[in-house]
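Here is the structure we will look at, set down as structure tokens.
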Amino acid sequence: MPSTPTSARRKRAAPRPYHHGDLRAALLAAAAGWLDEHGEQGLTLRELARAAGVSHAAPYHHFAGREELLAGVAERAFDRLADTLAVAAGAPEAAHALLDIGEAYVHEALAHPAQFRLMFGPLLARKAEHPGLQRAAERAFVVLLEAATRFAPERGLEIALAGWSLSHGAANLAIDGAFGGLPVAPAQARQLARLDAGALVRRMAAGLLQLPAPSKARRR
């Protein structure tokens, strides 16, 4: 029997199936990267499947739809935030731990603004529908609450909420570019152009806690 030409064998050969070690994790990482680069607009399971090199149906083995995917991204972002805050909370002095947490919170938000928006967007109000997201969000808050309670056992919750509000507000203002173009004197405008929102929160929090104003921001 004559041998089959190589080209013919290639034409009849079935394509190799795409192998992915952990498609769910890969899709979540790809979605987080998409948010960092493009924002939420245009993010679809179909687009992520194309980027991952899998069939359009493959992501649906792991996510019921776009909302479940985004909840997974928000969960991972909250876990990252909780880890960051836990490191900041390790300062030996309780007051410095709170200042470090506030500054770290702002810098984390500015590093991933679209993910930050997602974390505190409409999904958060429905976190009970996404247990992983609820767990991660609560874990991040517990880090702050424990640090605040360590500083003032009788006022821990109040201090935690005040610090969170301060850090969250400053982060949102910085992300929106609200500090630019304010009707201030030229020297102040130059100061705002160099503003480190995290360091600003640190100084403000020190004042609220009646601590000496820190001379330097924490090391990142």
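For every residue, the table says whether it meets (1) touching a residue at least 40 places away in the same chain (Cβ under 8 Å); (2) touching a Gly at 6+ places or on another chain (Cβ under 7 Å).
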| site | (1), (2) |
| --- | --- |
| ALA89 | yes, no |
| GLU108 | no, no |
| ALA114 | yes, yes |
| LEU124 | yes, no |
| PHE141 | no, no |
| GLU158 | no, no |
| LEU161 | no, no |
| ILE175 | yes, no |
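Residues that are exposed (fewer than 13 other Cβ atoms within 10 Å of the Cβ) and small (Gly, Ala, Ser) within region 34-54 comprise GLY42, GLY53, listed in sequence order.
Scanning region 31-53 for residues that are closer than 15 Å to ALA77 by Cα and either in a loop (DSSP other than H, G, I, E, B) or among the aliphatic types (A, V, I, L, M) (or both) returns ALA31, ALA32, LEU35, GLY39, GLU40.
Would you confirm whether any residue within region 87-96 is part of a helix (DSSP H, G or I) and not aliphatic (A, V, I, L, M)? The answer is yes; a qualifying residue exists. Taking the conditions exactly as written (more than 14 Å from ALA77 (Cβ to Cβ), touching a Lys or Arg at 6+ places or on another chain (Cβ under 6 Å) and not polar (S, T, N, Q)), does GLU103 satisfy them or not? Yes: the conditions hold for GLU103. Taking the listed residues GLY156, GLY169, GLY163, the one that is more than 24 Å from GLY33 (Cβ to Cβ), surrounded by fewer than 16 Cβ atoms within 10 Å (Cβ to Cβ) and out of contact with any strand residue (DSSP E or B) (no Cβ under 6 Å at 6 or more places or on another chain) is GLY169, with no other qualifying. Got at least one residue in region 53-60 being over 18 Å from ALA137 (Cα atoms) and among the hydroxyl-bearing types (Ser, Thr, Tyr)? Yes - at least one qualifying residue is present in region 53-60. Screening the candidates GLU154, GLU158 for the property of being at pLDDT 95 or above, assigned by TED's automatic domain parsing to the domain that holds PHE78 and either part of a helix (DSSP H, G or I) or aromatic (Phe, Trp, Tyr) (or both) yields one hit, GLU158. Number of residues in region 55-74 that are among the basic types (Lys, Arg) and either crowded, with 19+ Cβ neighbours inside 10 Å or touching a strand residue (DSSP E or B) at 6+ places or on another chain (Cβ under 7 Å) (or both) equals 0.
Taking the conditions (1) under 23 Å from ALA197 (Cα atoms); (2) of a type in the set (A, V, I, L, M, F, W, C); (3) not assigned by TED's automatic domain parsing to the domain that holds ALA170 in turn, LEU69 satisfies each one other than (1). Applying the condition of being hydrophobic (A, V, I, L, M, F, W, C) and in contact (Cβ under 8 Å) with a residue 60 or more places away in the chain to region 26-73 and asking which residue is nearest to ARG117 (Cα to Cα) yields LEU35.
For the residues ALA140, ALA114, ALA77, ALA128, the requirement of being surrounded by fewer than 17 Cβ atoms within 10 Å (Cβ to Cβ) and either outside any loop (DSSP other than H, G, I, E, B) or of a type in the set (A, V, I, L, M) (or both) singles out ALA128. Going by what's in this entry, would ALA185 be described as at pLDDT 95 or above and either among the aromatic types (Phe, Trp, Tyr) or out of contact with any helix residue (DSSP H, G or I) (no Cβ under 9 Å at 6 or more places or on another chain) (or both)? In short, yes.
The values are calculated or read from the model by the stated rules, or taken from the named source; none is laboratory data. Bear in mind the structure is a predicted one, so any value in this text is a computation, not a measurement. Please note: Cβ atoms are built from the backbone with ideal geometry, for glycine as well, and neighbour counts cover all protein chains shown.
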